[in-house]
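Have a look at the structure below, then the notes.
The values are calculated or read from the model by the stated rules, or taken from the named source; none is laboratory data. Quick caveat, the model's predicted, so the values are computed rather than measured. Here Cβ is always computed from backbone atoms with ideal geometry, including for glycine, and neighbour counts include all displayed protein chains. Calculation scope for accessible area: heavy atoms of the full protein, side chains included, ligands and nucleic acids excluded. Shrake-Rupley method; radii C 1.70, N 1.55, O 1.52, S 1.80 Å.
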Amino acid sequence: MSWFQDLRYAARQLRKSSGFAIIAVITLAMAIGANAVVFGVMNGLILRPLDVPNAKSLYEIQRGSRNDFNQSYLDFLDLRDRNRTFDDMALYGIPQVSLDTGSGPSAVYGMETSGNYFDAMRVQPYLGRFFHSSDEHGPNSAPYIVLSYAYWHSHFHDDRSVLGRTVRVNRHPFTIIGVAPAGFRGTLVFFSSNFFLPLIDQEQIDGGFDLNDRANREFFLIGHVRPGASLAQAVADLNSVGLWLGKTYPKENAGVTFSLGNPGLFGDQFNRPFKEFLAGLLLLAGLILLAACANLGSLFAARAADRSREIALRLALGSSRRRILRGLFTEAVLISIIGGIVGLWASSGLLRWLADWQPFGNFTLHTHVNPDASVYVLALLLTLLSGFLFGAVPVRQVLQSNPYEVVKSGPTGVVGRRFAAREILLAVQIAICAVLVTSSLVAVRGLVNALHYKFGFDPNHSMLAQIDWHMAGYTGDRVSLMQKNMLDAVKTIPGVEAAGLTDGLPLDYGIDADVFTEKTTDLRTSNAAASATMYHVSPEYLQAEGTTLLAGRNLTPHDDKNSPRVAIVNREFAHRIFGSEQKALGSYYKTSDGTRVQVVGIAVDGKYNTLTEDPHPAMFLPILQWPSGAPWIVIRSSRDPQQLGSAIRNALQQIDPGLPVSIESRYDEMATVLFGPKMATISLGVLGVMGAMLSITGIFGMAAYSVSKRLRELGIRVALGAQRKEVLQAALGRAFRLLAIGSAAGLVLGLLATRVLAYVVYEATPRDPLVLAGVVLAMALVGLIAAWIPAQRALSVDPAILLRAE
């Protein structure tokens, strides 16, 4: 029962030093909580497999050297039927539809899947049945819908008689045939599907039937690798099918290759930088824990030094050093366990909040980051490891202490050697703080750059009206007529400076298309001069977006189907295809169908897919020459956004009251692309504040300890006429030297640690002069805050009182 006695003694000691215990518990709770949160996110989004049977054999099939996750329906059929290493493959997409369950239509996101999707995922319905390949008999032949458990629970209140009921999808009748199991939300780790529809009904779901177009790649392909087949064999098998595809369909598949990636994160294009950022965040959280251990180790060393006389008396009375060390370790582990419990409680609450967080409106975000056994095990291991780490710091001074010397000379007899160990710990802690502060300032600066970067368009004073034509039942020429009427109506609103239509938005949606030089005759993908992002726009679109035209002319209403094909291209397009802007203007290029297009204008470069992408070619084609169901109207106005939004909605609903219209500012629409930089800034900012708090307590502890142990010396210096500057230098000089050395080392490490931010935050560089100045200022502020109270105590030394006490 000696361990129980140690536990009772440790609890009594901590009660006597309640301030020390509270600081230690809070310090450790912050560090363990930060690690648990970051690991919980990584575990939920990357490490934990999808919630389907045999998830470890499930892979996403990616296309090309860039690991593109987009596939076509016809390629899917050939890959599914010709491969020999997959049990089954399934295709799916994420459409938004107008779903009317009886209380009026609403825009809802869900999944459209191949008929074999549920069979391939090996899941069973909670209620009713699923649709299968046997239900497909041509376009629009399977008007069935399967509800997710969550949607059934929230909208139908667990009504089991829902089976057989008819709902309307884009005004088309669909019959509810089943409800998915509660744990199955689809095959994307961050998206919770509200429903599942057969892909064969694409015309009614998406407003057009493109499944027979092999070049239409807008779906995701996943499959189970057969037991006994290696990943290398599976990739070789896919590439053998790819070789056949390239020979049989050279225009769409020349030189195509395939690879496998983890399912659920849009392939390695998104997966790799996301993994690297989370790994970097986990590393920084680990540094927080290391800094906390260094801080607590320093405090424990100081505490052991203050108790040196007590320890010496116990040794002199016959207590073993082993028993004393066991008591110190018991105190450390007790503190770490309490801190771990508090940190895990706080992190569990935050993870559950993140799991339910919905930052993107009706796009149902699902982050399966609820804490599970692995998070709890990690927290337990970190708790025990932390306790042993900082509990081991005073071991050396206890083992080497001479009880007779301590009793004879007092607790200051071995300050010199003991103090060196604390200095090393403090220097490490300051360096870690500097790394965290550097990373957080780099993220903040990168986000500021991102918000003020010239995207190729000006999001200020810009509004968007999104119209889903197929949801409202508009097709063919009716769409073009409604587009013209609505554009004319918006332009008459007071304060509107320009308005334009587009079928894609930079940094939201755009289709990449192969372009060829005018002299190219073999229009296979392998002979393409470039792949350019393509937008079909109305004449005033560039003015409405605030896109600068560098040379040439703008599009006009005369650029219609009866006129020669023309385009405005960006500067990168001009340089890559023609060599220069001057050569590009007035020259021709070809599209994949052989159409000759003349360049009539050069626009500035912009960002089209991600903020961190390299310069990419783009072309803007007249919507009058290439009719498109453009869903966006871009409106430029200096009016108040709320007033303007109401005016736009009223103007459009006067034309068709039942038309589904979504109105938002350009910055609101960019929430998705700015989500990564904002989250990086918030998370790194929190870690930076934690690091600063730990450094403040560490420097304060060392400075206060130094002053308390040298009060007699400082009193003698004051008595001999020392100036205030000399007193401060003697009392705090070593602490400030450690601050300078640790900050410099941490800044250098921070230059390396923040490289991973370039994947997430645009222009995130630690070499920014403002970042460097900010780090220096922040660390100086940390030192001043930490040393203020010890400095005041050192300056208020009264030598007469001290010498009289001696």
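Tally time: how many residues in region 81-100 are in contact (Cβ under 8 Å) with a residue 60 or more places away in the chain and open to solvent by 50 Å² or more (accessible area, probe 1.4 Å)?
The total comes to 3.
Identify, from the list Ser706, Ser662, the residue that is among the polar types (S, T, N, Q), buried (at least 17 other Cβ atoms within 10 Å of the Cβ) and either modelled with pLDDT under 65 or assigned to a helix (DSSP H, G or I) (or both).
Selected residue: Ser706, the only one of Ser706, Ser662 that is among the polar types (S, T, N, Q), buried (at least 17 other Cβ atoms within 10 Å of the Cβ) and either modelled with pLDDT under 65 or assigned to a helix (DSSP H, G or I) (or both).
When you scan region 496-517, how many residues do you find that are at pLDDT below 90 and either more than 17 Å from Ala618 (Cβ to Cβ) or of a type in the set (Asp, Glu) (or both)?
Residues in region 496-517 being at pLDDT below 90 and either more than 17 Å from Ala618 (Cβ to Cβ) or of a type in the set (Asp, Glu) (or both): 3 in total.
How many of the residues making up region 181-211 are part of a helix (DSSP H, G or I), of a type in the set (Asp, Glu) and open to solvent by 10 Å² or more (accessible area, probe 1.4 Å)? Walk me through how you get there before you give the answer.
Going residue by residue through region 181-211, those that are part of a helix (DSSP H, G or I) are 199-206.
Subsequent filtering for residues that are of a type in the set (Asp, Glu) retains 201, 203, 206.
From what is left, the residues that are open to solvent by 10 Å² or more (accessible area, probe 1.4 Å) are 203, 206.
Residues that pass the stated criteria total 2.
Residues in region 227-247 that are in a helix (DSSP H, G or I), of a type outside the set (Gly, Ala, Ser) and open to solvent by 60 Å² or more (accessible area, probe 1.4 Å): how many?
The number of residues fulfilling the criteria is 5.
Any idea which of (1) more than 19 Å from Val597 (Cα to Cα); (2) open to solvent by 20 Å² or more (accessible area, probe 1.4 Å) is the one Met486 doesn't satisfy?
Going through the list (1) more than 19 Å from Val597 (Cα to Cα); (2) open to solvent by 20 Å² or more (accessible area, probe 1.4 Å), Met486 breaks only (2).
What about Ser103, is it over 30 Å from Arg226 (Cα atoms) and open to solvent by less than 50 Å² (accessible area, probe 1.4 Å)?
For Ser103, the condition - over 30 Å from Arg226 (Cα atoms) and open to solvent by less than 50 Å² (accessible area, probe 1.4 Å) - is not met.
Return the residues of region 212-226 that are part of a loop (DSSP other than H, G, I, E, B) and modelled with pLDDT of 90 or more; say none if nothing qualifies.
Arg226
Could you check, for region 66-86, whether at least one of its residues is more than 30 Å from Ser106 (Cα to Cα), hydroxyl-bearing (Ser, Thr, Tyr) and touching a Ser or Thr at 6+ places or on another chain (Cβ under 8 Å)? So that I can check it myself, show each step before the final result.
We begin by selecting, within region 66-86, every residue more than 30 Å from Ser106 (Cα to Cα); these are 66-68, 74-86.
Then keep just the ones that are hydroxyl-bearing (Ser, Thr, Tyr); that gives 85.
Still in the running and touching a Ser or Thr at 6+ places or on another chain (Cβ under 8 Å): none.
No.
Being polar (S, T, N, Q), more than 19 Å from Val689 (Cα to Cα) and modelled with pLDDT under 80 is the filter here, so list the residues in region 425-464 that pass it.
Asn449, the sole residue that qualifies.
Mind counting the residues in region 126-166 that are closer than 19 Å to Met111 by Cβ and of a type in the set (D, E, K, R)?
3
I'm told Thr475 meets every condition in (1) modelled with pLDDT of 70 or more; (2) part of a helix (DSSP H, G or I) except one. Can you identify the failing condition by its number?
Exception for Thr475: condition (2).
Has region 520-533 got at least one residue that is buried (at least 20 other Cβ atoms within 10 Å of the Cβ) and outside any loop (DSSP other than H, G, I, E, B)?
Yes, region 520-533 contains at least one residue that is buried (at least 20 other Cβ atoms within 10 Å of the Cβ) and outside any loop (DSSP other than H, G, I, E, B).
Could you pull out every one of the strands (runs of 3 or more DSSP E) wholly within region 133-180 that has 3 or more residues that are surrounded by 16 or more Cβ atoms within 10 Å (Cβ to Cβ) and at pLDDT 90 or above?
Working: elements: 144-147, 166-169, 172-179.
Where strands (runs of 3 or more DSSP E) fall fully within region 133-180 and carry at least 3 residues being surrounded by 16 or more Cβ atoms within 10 Å (Cβ to Cβ) and at pLDDT 90 or above, they are 144-147, 172-179.
On the given criteria, is Val515 touching a Pro at 6+ places or on another chain (Cβ under 8 Å) and either under 18 Å from Ala215 (Cβ atoms) or surrounded by fewer than 20 Cβ atoms within 10 Å (Cβ to Cβ) (or both)? Full working, then the answer.
Values: touching a Pro at 6+ places or on another chain (Cβ under 8 Å): yes; either under 18 Å from Ala215 (Cβ atoms) or surrounded by fewer than 20 Cβ atoms within 10 Å (Cβ to Cβ) (or both): yes.
Criteria met by Val515.
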